[in-house]
Amino acid sequence: MESTSLRGRRVLAIVTNYGVEQDELLVPVARLREGGAQVDVAAAENEPIRTLVGDKDPGETVDPSLTISAADASAYDLLLIPGGTLNADKLRQDGAAVGLVGAFRTGGRAVAAICHGPWVLVEADAARGKTLTSYASLRTDIRNAGGEWVDRSVVSDDTGGWTLITSRDPGDLDDFVGAIAKALG
C-alpha cells in the first residue's frame, strides 16, 4: 500500500479489553497506518487490550487510543470491528459500541467487520438489507437479522447510502484490508 494513498483518512477500531483476535486488529491497523491513515483503537476501558490467537492463546497487548464511549463517530471515515468470539459477544452488548455502528451508518460512513465482528452489526440492525459475510457460525444470525449471507473472502455492499465491508476470518485479511483501502481511497 502506497504510504500516502490514505493520508488524511481516519479509522476507528473498536474492541473490548480482552478477547479480540490478534491479527484481525493488528494487521488492518498496521497496514492502514502504513498507507497513511490515522487509526485510533478504542477499547471498552482505558486499560491495555489483551488480544488472543484462535480465541484461546494469549496474543500481544495493545494500548488503546481512547475509550469507545469517548469516540466521536463524526471524526472518522470508517469504523473497523475486528472479531474474536469473546470480543464480538461483549461488543454487541455495549450500548456505546452499538451506537457507533448506528452513527456511522446514518452518517453515510463505511463500516468494516471481520469474522465474529458482524454480531455487532446484527445488534445495531445494520445487517438488514445488506449482503455480507462472516465467520460461518453467524450465518443464521445474519439471515435472521434481514441480511443476505454469502461465503466469500470479502464482500463490499454500498446499498442504502453507506458502505459495509465484511470478511470471514484471518485468512481473508489481505482481501479485507484491500477492500477497506479501496473504500477509503
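So here's what we get for this one:
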{"item": "Residue among Pro58, Pro82, Pro170 with the largest mean-square fluctuation in a Gaussian network model of the chain, springs linking Cα atoms under 10 Å", "result": "Pro58"}
{"item": "Hits among aspartates and glutamates - C-alpha to C-alpha of Lys56 under 17 Å, sequence gap 8 or more where chains match", "result": "Glu21, Asp23, Glu24, Asp89, Asp169"}
{"item": "Over segment 16-108, volume per residue of the alpha carbon convex hull, in Å³", "result": "86 Å³"}
{"item": "Relative contact order, percent, segment 64-184 [alpha-carbon distance under 8 Å, six or more residues apart]", "result": "23 percent"}
{"item": "In segment 16-87, the trypsin sites (Lys or Arg not before Pro) that fall in loop regions by DSSP, at most 16 other Cβ within 10 Å", "result": "Lys56"}
{"item": "Relative contact order (percent, whole number), segment 1-137, Cα cutoff 8 Å, 6+ residue spacing", "result": "24 percent"}
{"item": "Ratio of the Cα radius of gyration of segment 10-184 to 2.2 N^0.38 Å, where N counts its residues", "result": "0.90"}
{"item": "Potential extension, Lys182-Asn46 segment - 0.36 nm per residue separation minus Cα distance", "result": "45.9 nm"}
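Only the coordinates and a few stated rules stand behind these numbers; no lab work does. Note that the structure is a prediction, hence the values are computed from the model and not measured. With ideal geometry, Cβ positions are generated from the backbone for all residues, glycine too; neighbour counts draw on all protein chains shown.
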